[in-house]
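A short write-up of the structure that comes next.
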Ligand SMILES: [Zn+2]
C-alpha cells in the first residue's frame with residue numbers, strides 16, 4: 001500500500017492532474033477494503049465511480065506542488081493504514097471539490113466549495129472545509145448525508161447562471 005502511493009506521488013505533475021487524479025481513484029479501488037474501514041461507504045462508492053473527465057480538477061487555493069512532497073515525506077516517515085487512507089481521501093477532495101470565489105458566510109475563513117449530496121446529484125451544495133457550513137443557493141441548510149465533489153456539468157451550469 002505504501003509503495004504504491006509513493007509511486008503515484010512520484011509521478012505527480014502539476015500540468016497533468018487528470019492522470020494523477022485517475023491514479024488516486026485506481027488506488028482507492030485497489031485498496032477499497034482498507035478505505036472502507038475509515039471512510040463512509042456512500043462516499044467511497046460515489047468517489048470511485050468518478051474520473052477526471054467528469055470533474056474540474058485543481059480549482060482551489062491548495063498548493064499541490066508543496067503538498068505532494070509534504071505528503072510523500074509523511075508516508076516515508078511512516079503512517080498508519082488509517083492515516084494513509086485519510087491522506088489520500090483528503091487529497092482527492094482537495095483536487096476535485098471546486099472552490100468558488102465566495103467566502104464562507106459563517107466563518108469568513110475559507111472559500112466555499114461546490115458539492116452535491118451523494119444520493120441527489122442534481123442539488124448543488126456549497127460547503128466550507130473550515131467550519132463545515134453547508135448551504136443550498138444562499139441559505140444555510142443542515143445536511144445529514146455525505147457530500148461529494150460537484151461534477152463538471154453542474155459547475156458549468158452554476159457558472160453560466162452567475
Ligand atoms: Zn466556514
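The values are calculated or read from the model by the stated rules, or taken from the named source; none is laboratory data. Worth saying up front: this structure is predicted, and the values here are computed from it rather than measured. When we count neighbours, we look across all protein chains shown, and the Cβ atoms used for this are built from the backbone with ideal geometry, even at glycine.
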Exercise. What residue, of 116, 134, 48, is within 14 Å of the ligand (Cβ to nearest atom) and free of Cβ contacts under 8 Å to residues at least 40 places away in the same chain?
Worked result: 134
For this session: Return only the number of the condition from (1) surrounded by fewer than 16 Cβ atoms within 10 Å (Cβ to Cβ); (2) within 16 Å of the ligand (Cβ to nearest atom) that residue 153 does not satisfy.
Result: (2)
Problem set entry | Enumerated helices (runs of 4 or more DSSP H) restricted to segment 11-56, each holding at least 2 residues that are surrounded by fewer than 18 Cβ atoms within 10 Å (Cβ to Cβ) and touching a helix residue (DSSP H, G or I) at 6+ places or on another chain (Cβ under 7 Å) | 17-30, 32-38
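Residues checked against (1) under 17 Å from the mean Cα position of the chain (by Cα); (2) within 16 Å of the ligand (Cβ to nearest atom); (3) at pLDDT 95 or above:
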| site | (1), (2), (3) |
| --- | --- |
| 80 | no, no, yes |
| 84 | yes, no, yes |
| 96 | yes, no, yes |
| 99 | yes, yes, yes |
| 110 | yes, yes, yes |
| 158 | no, no, no |
Exercise. Conditions: (1) within 29 Å of residue 31 (Cα to Cα); (2) free of Cβ contacts under 8 Å to residues at least 60 places away in the same chain. Residue 152 meets all but one. Number of the miss?
Worked result: (2)
